[in-house]
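Here the structure is laid out as structure tokens; the discussion comes afterwards.
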Amino acid sequence: MTRRGETQPEDRVLRHATLRLTVFTAAAITAILVVVGVVAAGVVLREQRHEAHDALRSAVVDLDDVSDAPTGTSVWVYQPGRPVRTSPSAPTWLPVRSGLAAVPAAGDRDERTVRRAGVDYRVLSVHRGSVLAQAAVTTETQSLERDRLVTGLIVAEVAGLLLSVLLGGLIARRAMRPLAVAVARQRRFVADASHELRTPITLLSTRAQLLERSLRRTGPTAQQEEAAALVADAHRLSEVVEDLLLSASLGEHPARKEHVDLTELAHASTAAASAYAGARGVTLVVDADEPAPVDGAPGPLRRVLDALVDNAVAHTPPGGHVVIRVSAGPPARVQVVDDGVGIDPEVAPRLFDRFAHGSSTGDRQHFGLGLALVREVVEAHDGDVAAAPTPGGGATFTVTLPAGA
């Protein structure tokens, strides 16, 4: 069984829109979390720098009693004529000679970071009159706090990313739900309208055929031609309604898959189109030497081949050829090759869109619903359809399907 709603272009558009909205929402929430985390980290680092700076300044304000330095701060003081004084906990590597060299004159100050024994210290050097002093404070505690902050931010960002994806998915599905309901209603309307139109169109076609047959025997030639045109128009209208009905039913009532031989379908489609091709002077050829089994719905797959053959015959001039090549694969492949007018490069990207129109030049101008329905049916069977110019002129339509057992 094909899955409900899987084959419709509208469903693909809705899924892509939902995915994009989910990604955009998750990205926006994640970006907000990143900005908040960066700001928080910046504030903490700034406060740590200010805290270390304030501790160093406090340590060098009163140099008379270096033993009373702030907790965690070490002080070294030199004054000519007096012995060097240090705080009881001062490390042995004080003073930092490069810091003293940076303050040669009275009033000079220098603050820098030094690393000793794998630990970072902030060192403030001052030159006050004849006194040289240095104060050092370790930043190990601050480093540990920064590490914990960074770890916490990373965990929060990962959790926020996961939550933002979930939240984005919920928001996207809720936002797309009205559109999905509208698409489903539209599809049901098309299916219901097609069902309702089928009977009157069948009656119209039947009456037109009866009128055409009656006028063929007794009526004037002009009326015979008009009646024949009326029959053709009724037949075309019936095909459009059947295409609409099949397109709607692919999403609402998926067809049950069974064993299908593409070679048999190719011969059947060629036999059905032989009269039309003969009237246009086009030769139909089936190039298939072996069965090509696939798992699919016979009716829709037959409609695919009918549409491609009809399209090829319609765009092949008298005396031309249409070849239906079938290969078992895997994957199974059907190619409908004609030597007609070819494909306008401007039209190729939208060739399988519903009711697509070509440029103002060339013959392959209007594609109706047939080729769009071909794509929908093929994709419903997990296959692919493509069109390309035929070397030497014409077009080649290739349908690729997973090979069946």
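A short reminder: the numbers here are calculations on the coordinates, not readings from a lab. Predicted model, so just to flag it, every value in this text is computed and none were measured. We place every Cβ from the backbone using ideal geometry, glycine too, and count neighbours over all the protein chains shown.
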In nm, give the distance between the simple-model label positions of Asp287 and Ser89, each being 7 Å from the Cα along the Cα-to-Cβ direction.
9.1 nm
Report relative contact order for the range 256-401 in percent, whole number only (criteria: Cα-Cα under 8 Å, sequence separation at least 6).
22 percent
What full-extension length gain, to one decimal in nm, is calculated for His321 and Thr202 as 0.36 nm per residue of separation minus the Cα-Cα distance?
39.6 nm
Each residue of the range 98-107 in turn: what ³J(HN,Hα) in whole Hz from Karplus with 6.51, -1.76, 1.60 and θ = phi - 60°, glycine and Pro shown as x?
5, x, 5, 5, 7, 10, x, 10, 4, x
Under the Karplus curve 6.51 cos²θ - 1.76 cosθ + 1.60, θ = phi - 60°, whole-Hz ³J(HN,Hα) for the range 111-125, x wherever Gly or Pro sits:
10, 8, 10, 10, 10, 9, 6, x, 10, 8, 10, 9, 10, 10, 10
Taking every other residue with Cβ under 14 Å from the Cβ of Arg97 and scoring Lys and Arg +1, Asp and Glu -1, one gets +1
Karplus-derived HN-Hα couplings along the range 67-81 (A = 6.51, B = -1.76, C = 1.60, θ = phi - 60°), whole Hz, x at Gly and Pro:
6, 9, 5, x, 4, x, 10, 10, 10, 10, 10, 10, 9, x, x
Name the chymotrypsin sites (Phe, Trp or Tyr not before Pro) in the range 76-185 that are in a loop by DSSP and that have at most 15 other C-beta atoms within 10 Å, would you?
Trp93
Based only on other Cβ atoms within 10 Å, what is the fewest-to-most ordering of Phe24, Phe352?
Phe24, Phe352
Given charges at beta-carbon only (K, R positive; D, E negative), |dipole| of the range 256-401 in Debye:
280 debye
Residues of the range 38-63 with amide nitrogen under 15 Å from the 7 Å Cα-to-Cβ point of Ala102?
53, 56-57
How charged is the neighbourhood of Ser125? Take every other residue with its Cβ under 12 Å from the Cβ of Ser125, and add Lys/Arg as +1 and Asp/Glu as -1.
+2
Extending each Cα 7 Å along its Cβ direction at Arg82 and His267, get the distance between those two points in nm, one decimal.
11.6 nm
At a temperature of 20 °C and a viscosity of 1.002 mPa s, determine how fast the range 256-401 diffuses translationally according to Stokes-Einstein, using the Kirkwood radius over alpha-carbon pairs as Rh; express D in µm²/s, rounded to the nearest whole number.
141 µm²/s
Calculate the FRET efficiency for Ser130 and Ala28 from the Cβ-Cβ distance with a Förster distance of 56 Å, rounded to the nearest 0.05.
0.35
Multiply the residue separation of Val119 and Arg280 by 0.36 nm, subtract the distance between their alpha-carbon atoms, and state the gained length in nm to one decimal.
48.8 nm
Determine by what factor the alpha-carbon radius of gyration of the range 1-146 differs from 2.2 N^0.38 Å, reporting the quotient.
1.91
Along the Cα→Cβ direction, 7 angstrom out, place labels at Asp54 and Val13. What is the inter-label distance in nm?
6.2 nm
Give me the percent relative contact order of the range 62-138, please, defined on Cα pairs under 8 angstrom at least 6 residues apart.
31 percent
